[in-house]
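Working notes for the structure below.
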Amino acid sequence: MASVSLRQVHKTYGSGAQSHHALRGVSLDLADGEFVALLGPSGSGKTTLLRTIAGLEGIDGGEIQIGSDVVSSALPSARHHVPPEGRQVSVVFQSHALWPHMTVHDNIAFPLRQGASSASEVGRRVLAALAAVELGDLAQRFPGQLSGGQRQRVALARAMVGAPRVLLFDEPLASLDTELRRDMMRQIARARRSDMPMVYVTHNQEEALALSDRIAVLAHGQIVQLDSPAMLCSEPASAMVAAFVGGGNVIDAKVLRALDPHKVLLSLRGYEFIARCRTLPRTADVQVCISPSAVSLTTQAQALEVRCTFVFFQGSGHLVETDLPRCNGSYFSCVLPAGLQPRQDDLLRLQVHDAWVIPAAS
Ligand code: ADP
Ligand code: MG
């Protein structure tokens, strides 16, 4: 049985002309111990979805179940709402919201002191939580005496200390710099427990890809794809997902012929290349996703010719922008090794090693 289950969840804010339908029939099952990221642009409904699981928002359609308990139901026959404190769910927010007048130890102990634990039990669990985030020696400091990264670790320890049934994160790393983000990503990965699912809201694809078992991509209050990170990158279900996860090269191409049930020969600027597809396209025109790293320079006669319009040196290589238009208005870009010295206006002759036909909208 799934340990968190959402069935056809709807949420509308406000009413009448001011109303906003923020969740439009979201269904999602999380297994015990599973880590699922909710990834999507700003306003897509990620925070709303998280808050409905936590019980911080009610729902107007569907049901939410944690373990065997229905915690939210909008079904006329079973309408009810278990408040946040009755759900055994913890949330880590972007702003760590520690109490400034309490020590690290007391901040972490606070949720336990609301319960029935004995003083020695509280002490033991706080020490274990501090050790888990490697902050054992800072227990007597106040939040104002900690760095941003240390404060976020305290927030993580406080969320874990009560042994919640579900751990939720809402953009917990958004205010940290790259180095601290990686450090917290390691801490969060270590906090995984086989009996506790985690839901992690982010608009940062690096975090989602690095941490998750599965990623739910949200757009306009709906899950547009739910898949493993590898599947999401190699088989995006729409141009939006490809743009969000895969580096964004979605290009118009012509179908020449089918090669097998899951492979087609395509043509782009006269260059012929093979693309994978879920089902054979029914139209002659398709959109194809080509990862920026799925191309290389070639000396063969058959090549995709593009003109270099801008070069971003990135240490390990160059990100090259070209004059080949993408479907969304920007331009095809690719990664070339650092040893090459592409320059603006150079004609590049490329070979495409891998491509994926975006499935037609159903
Ligand atoms: P995300 O976290 O993906 O950025 P949110 O879940 O915060 O998205 O918001 C989804 C949509 O719902 C947005 O259009 C937002 O403006 C709207 N919204 C969020 N909270 C409220 C609220 N309390 N009242 C009215 N509209 C809201
Ligand atoms: Mg949000």
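The values are calculated or read from the model by the stated rules, or taken from the named source; none is laboratory data. Values in this document were obtained by computation on a predicted structure and should not be read as measured data. Here the Cβ is made from the backbone with ideal geometry for all residues, glycine too, and neighbour counts use every protein chain on show.
List of remarks:
- Check on Leu336, farther than 23 Å from Met240 by Cα and either at pLDDT below 95 or more than 32 Å from the chain's Cα centre (by Cα) (or both): yes
- Selection of the range 162-192 for residues being within 16 Å of ligand 2 (Cβ to nearest atom) and part of a loop (DSSP other than H, G, I, E, B) yields Glu171, Pro172, Leu173, Ala174, Ser175.
- Matching option when the condition is modelled with pLDDT of 90 or more and within 16 Å of ligand 1 (Cβ to nearest atom), among Leu173, Leu168, Leu146: Leu168
- Of the residues making up the range 23-44, those that are over 16 Å from Phe169 (Cβ atoms), within 15 Å of ligand 1 (Cβ to nearest atom) and either without any contact (Cβ under 8 Å) to a residue 12 or more places away in the chain or in a loop (DSSP other than H, G, I, E, B) (or both) are Pro41, Ser42, Gly43, Ser44.
- Residue that is within 19 Å of the chain's Cα centre (by Cα) and within 25 Å of Ala239 (Cα to Cα), where the choices are Ser5, Ser44: Ser44
- Elements of type strands (runs of 3 or more DSSP E) in the range 203-280, at least 3 residues being of a type in the set (Val, Ile, Thr): 250-260
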